[in-house]
Amino acid sequence: MRTLLSSILWALLLCRCCWTTQAEIFTSISHMTDLIYTEKELVQSLREYIKAEETKLNAVKSWANKLDALTRVSTSDPEGYLGHPVNAYKLMKRLNTEWSELETLVLHNPSDGFISNMSMHRQYFPDAEDETGAAKALMRLQDTYQLDSEAFSRGKLPGKKKLALLTVDDCFDMGKTAYNDADYYHAVLWMQQALKQLDTGEEAVVSKADILDYLSYSVYQMGDLARAIELTRRLVAMDSSHQRAGGNLRYYEKLLSSQLNEVKQASEPTSEEPIQLGTYSRPKDHLPEREAYEALCRGEGVQMNEARRSRLFCRYQNGNMNPRLLLTPMKEEDEWDSPHIVRYLEVLSHKEIDKIKKLAKPRLARATVRDPKTGVLTTANYRVSKSAWLEGEDDPVIARVNQRIEDITGLTVDTAELLQVANYGVGGQYEPHFDFSRRPFDSNLRIDGNRLATFLNYMSDVEAGGATVFPDFGAVIWPRKGTAVFWYNLFRSGEGDYRTRHAACPVLVGSKWVSNKWIHERGQEFRRPCGLTEVD
């Protein structure tokens, strides 16, 4: 059915030009759960169509049988199902690519009921950007948690008993996504996995020649000429008339010969070791602390020791005799000594969390960051989530949470920002960043001041990944539903505490919900007075 994508009828194209683009669905698991039910409804519509023209549409009927089983599993626990990143990626791929191919097939012998149902739902489908984003998210998880392509393809992820498998064609499409982005490092890993599965006898639409074509060129781009020559020779032996293989082989051999002559070295046999994670070095990127950050996400390199642990305590916190906390003080635990980070237990009830999610879900939009050059809010690849802003007037539960934050911290929330609720999608993350602004001329800070402190509520448990990490001093804080963590971003002098640069690690398995309150400087003059030195 892959070839059908290029032959969509003009009528379908005319309809599609009026459909609303729904890019960035992959950035929120919550929004993706709606697609589970949409897909189930489409399967039912497909069933009705099959009854009308069953004899002519045996291929369509087979497709529906496969999706019947899939949607029964996915609708029983949508968030749990989409918590597995492979399921999330395949949902993006199905709804962006494969359902479109099926729609084209149906239009050759149209059924009004099925087409109208597809047309009605199509405006809410993910697009090519979502499928690409989900694929890149799998690669991000692969890098952060040092998982090879085999682990993803076979569904071998922490905490997941139900397997979600990637086919040869899925692996090829993953590799092609990386290839089209000139990301030859990941293209090699995924094309190699596609080739490995094909060699075991797994059926596929893509040909071995196509896989070798992409793999050999990607290996060449990674600087491994000897292996590129060996792979290209395999391709030529398989298809001597291949459009590019012959020319590439001659070019690679000439280039290798020239390099060997320069160093006066004889050609060595190509390594027989299969390409795997670690065969090639991952290219460096924009983030200087990448290795330390990702190690912390894996729970490695944590700078906790016995001396530091001896300085951490737990206590009951009544907010300096706050009347609302006298009878039911908060349980407070030290997470880190310097800078001081504390965790509060039982901050939000399950009922409050469900209400906050319900209020936020219709308003969720791709989270933004402030461009350091222009100061304008924009989306960025290093922040993959959707967020919504809730006011105290929206619902009594929001007003109650705001008041609770004020009672616990002893800081006024009158000048704080609205409660921000975030849901992380496939491989959702927020790379290392500061919460406070380092641009004092920002107009939005002139009235209420800088972000003095952060109060972060965890509204879900996360099966694997999703930690909050502080690369500067090697701290890791794991999400625990109903708890909250609190830290100051500024010293008492108003200067930024650069140690508080932190990150939200990619969610490997599960769905992560958080809400946070950024508390500003104004109004805290007598609640948190200035110190005597710059770093008090």
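The values are calculated or read from the model by the stated rules, or taken from the named source; none is laboratory data. Values in this document were obtained by computation on a predicted structure and should not be read as measured data. Ideal geometry is used to build each Cβ from the backbone, glycine not excepted, and the neighbour counts take in all protein chains shown. The area values use the complete protein model at the heavy-atom level, side chains included, leaving out ligands, DNA and RNA. Shrake-Rupley method; radii C 1.70, N 1.55, O 1.52, S 1.80 Å.
Evaluate segment 158-175: report whether one residue or more is open to solvent by less than 20 Å² (accessible area, probe 1.4 Å), without any contact (Cβ under 8 Å) to a residue 12 or more places away in the chain and in a helix (DSSP H, G or I).
For segment 158-175, residues open to solvent by less than 20 Å² (accessible area, probe 1.4 Å), without any contact (Cβ under 8 Å) to a residue 12 or more places away in the chain and in a helix (DSSP H, G or I): absent.
Do we find a residue being more than 23 Å from SER387 (Cβ to Cβ), at pLDDT below 95, open to solvent by less than 40 Å² (accessible area, probe 1.4 Å) and not basic (Lys, Arg) anywhere in segment 511-534?
yes
Only one of GLY278, GLY319 is free of Cβ contacts under 8 Å to residues at least 12 places away in the same chain, on the phi > 0 side of the Ramachandran plot and among the small types (Gly, Ala, Ser); which? Walk me through it before giving the result.
On the way: GLY319 fails: free of Cβ contacts under 8 Å to residues at least 12 places away in the same chain.
Going through GLY278, GLY319 in turn, just one is free of Cβ contacts under 8 Å to residues at least 12 places away in the same chain, on the phi > 0 side of the Ramachandran plot and among the small types (Gly, Ala, Ser): GLY278.
Give the residue, chosen from GLY474, GLY482, that is open to solvent by less than 20 Å² (accessible area, probe 1.4 Å) and out of contact with any strand residue (DSSP E or B) (no Cβ under 9 Å at 6 or more places or on another chain).
Values: GLY482 fails: out of contact with any strand residue (DSSP E or B) (no Cβ under 9 Å at 6 or more places or on another chain).
Testing whether each residue is open to solvent by less than 20 Å² (accessible area, probe 1.4 Å) and out of contact with any strand residue (DSSP E or B) (no Cβ under 9 Å at 6 or more places or on another chain) leaves just GLY474.
Inside segment 94-118, can you point out the residues that are modelled with pLDDT of 85 or more and open to solvent by 10 Å² or more (accessible area, probe 1.4 Å)?
Taking segment 94-118 first, the residues modelled with pLDDT of 85 or more are 94-100.
Across segment 94-118, the qualifying residues are ARG94, ASN96, THR97, GLU98.
Answer yes or no: is there a residue in segment 506-524 that is of a type outside the set (A, V, I, L, M, F, W, C) and in a helix (DSSP H, G or I).
To start, the set of residues in segment 506-524 that are of a type outside the set (A, V, I, L, M, F, W, C) comprises 506, 510-512, 515-517, 520-524.
Of the ones still in play, those that are also in a helix (DSSP H, G or I) are none.
No, there is no match, as no residue in segment 506-524 is of a type outside the set (A, V, I, L, M, F, W, C) and in a helix (DSSP H, G or I).
Within segment 161-178, is there a residue that is in contact with an Asp or Glu (Cβ under 7 Å, 6 or more places away or on another chain) and aliphatic (A, V, I, L, M)?
yes
Could you identify the single residue in TYR145, TYR184 that is closer than 23 Å to VAL384 by Cα, touching a strand residue (DSSP E or B) at 6+ places or on another chain (Cβ under 6 Å), not β-branched (Val, Ile, Thr) and not assigned by the TED database to the domain that holds TYR424? Give the steps one after another, and end with the answer.
Values: TYR184 fails: touching a strand residue (DSSP E or B) at 6+ places or on another chain (Cβ under 6 Å).
Just one listed residue meets the conditions, TYR145.
Taking the condition without any contact (Cβ under 8 Å) to a residue 24 or more places away in the chain and open to solvent by 80 Å² or more (accessible area, probe 1.4 Å), does SER257 pass? So that I can check it myself, show each step before the final result.
On the way: without any contact (Cβ under 8 Å) to a residue 24 or more places away in the chain: yes; open to solvent by 80 Å² or more (accessible area, probe 1.4 Å): no.
Judged against the criteria, SER257 is not a match.
Within segment 224-242, is even one residue assigned to a helix (DSSP H, G or I), in contact with a Pro (Cβ under 7 Å, 6 or more places away or on another chain) and either open to solvent by 80 Å² or more (accessible area, probe 1.4 Å) or more than 30 Å from SER74 (Cα to Cα) (or both)?
Going through segment 224-242, the residues assigned to a helix (DSSP H, G or I) turn out to be 225-238.
So of that shortlist, the ones also in contact with a Pro (Cβ under 7 Å, 6 or more places away or on another chain) come out as none.
No, that holds for no residue.
As an exercise: evaluate GLN276 against (1) surrounded by fewer than 18 Cβ atoms within 10 Å (Cβ to Cβ); (2) touching a Leu at 6+ places or on another chain (Cβ under 9 Å); (3) over 18 Å from ALA151 (Cβ atoms) and give the number of the one condition it does not meet.
All conditions pass for GLN276, except number (3).
Of the residues in segment 298-353, how many are in a helix (DSSP H, G or I) and among the hydrophobic types (A, V, I, L, M, F, W, C)?
The first filter runs over segment 298-353 and keeps only residues in a helix (DSSP H, G or I), leaving 306-309, 350-353.
So of that shortlist, the ones also among the hydrophobic types (A, V, I, L, M, F, W, C) come out as 307, 353.
Looking only at that region, the number is 2.
Only one of these is out of contact with any strand residue (DSSP E or B) (no Cβ under 9 Å at 6 or more places or on another chain), surrounded by 12 or more Cβ atoms within 10 Å (Cβ to Cβ) and at pLDDT below 70: LEU46, LEU4, LEU70. Name it. If you could, list the steps in order and put the result at the bottom.
Numbers: LEU46 fails: at pLDDT below 70; LEU70 fails: at pLDDT below 70.
Exactly one of LEU46, LEU4, LEU70 is out of contact with any strand residue (DSSP E or B) (no Cβ under 9 Å at 6 or more places or on another chain), surrounded by 12 or more Cβ atoms within 10 Å (Cβ to Cβ) and at pLDDT below 70, namely LEU4.
Can you tell me how many residues within segment 388-428 are part of a strand (DSSP E or B) and open to solvent by 10 Å² or more (accessible area, probe 1.4 Å)?
First, pick out the residues of segment 388-428 that are part of a strand (DSSP E or B): 388-390, 419-424.
Right, trim to open to solvent by 10 Å² or more (accessible area, probe 1.4 Å) and you get 389, 424.
Qualifying residue count, segment 388-428: 2.
Could you go through segment 201-214 and let me know if any residue there is open to solvent by 30 Å² or more (accessible area, probe 1.4 Å), within 22 Å of ASP183 (Cβ to Cβ) and either assigned to a loop (DSSP other than H, G, I, E, B) or not polar (S, T, N, Q) (or both). Full working, then the answer.
So in segment 201-214, the residues open to solvent by 30 Å² or more (accessible area, probe 1.4 Å) come out as 201-205, 207-208, 210, 214.
Subset that is within 22 Å of ASP183 (Cβ to Cβ): 210, 214.
Still in the running and either assigned to a loop (DSSP other than H, G, I, E, B) or not polar (S, T, N, Q) (or both): 210, 214.
For segment 201-214, residues open to solvent by 30 Å² or more (accessible area, probe 1.4 Å), within 22 Å of ASP183 (Cβ to Cβ) and either assigned to a loop (DSSP other than H, G, I, E, B) or not polar (S, T, N, Q) (or both): present.
Quick check: anything in segment 181-192 open to solvent by 10 Å² or more (accessible area, probe 1.4 Å) and over 23 Å from the mean Cα position of the chain (by Cα)?
Going residue by residue through segment 181-192, those that are open to solvent by 10 Å² or more (accessible area, probe 1.4 Å) are 181-186, 189, 192.
The next check asks that each one be over 23 Å from the mean Cα position of the chain (by Cα); those that pass are 192.
Among the residues of segment 181-192, at least one is open to solvent by 10 Å² or more (accessible area, probe 1.4 Å) and over 23 Å from the mean Cα position of the chain (by Cα), which makes the answer yes.
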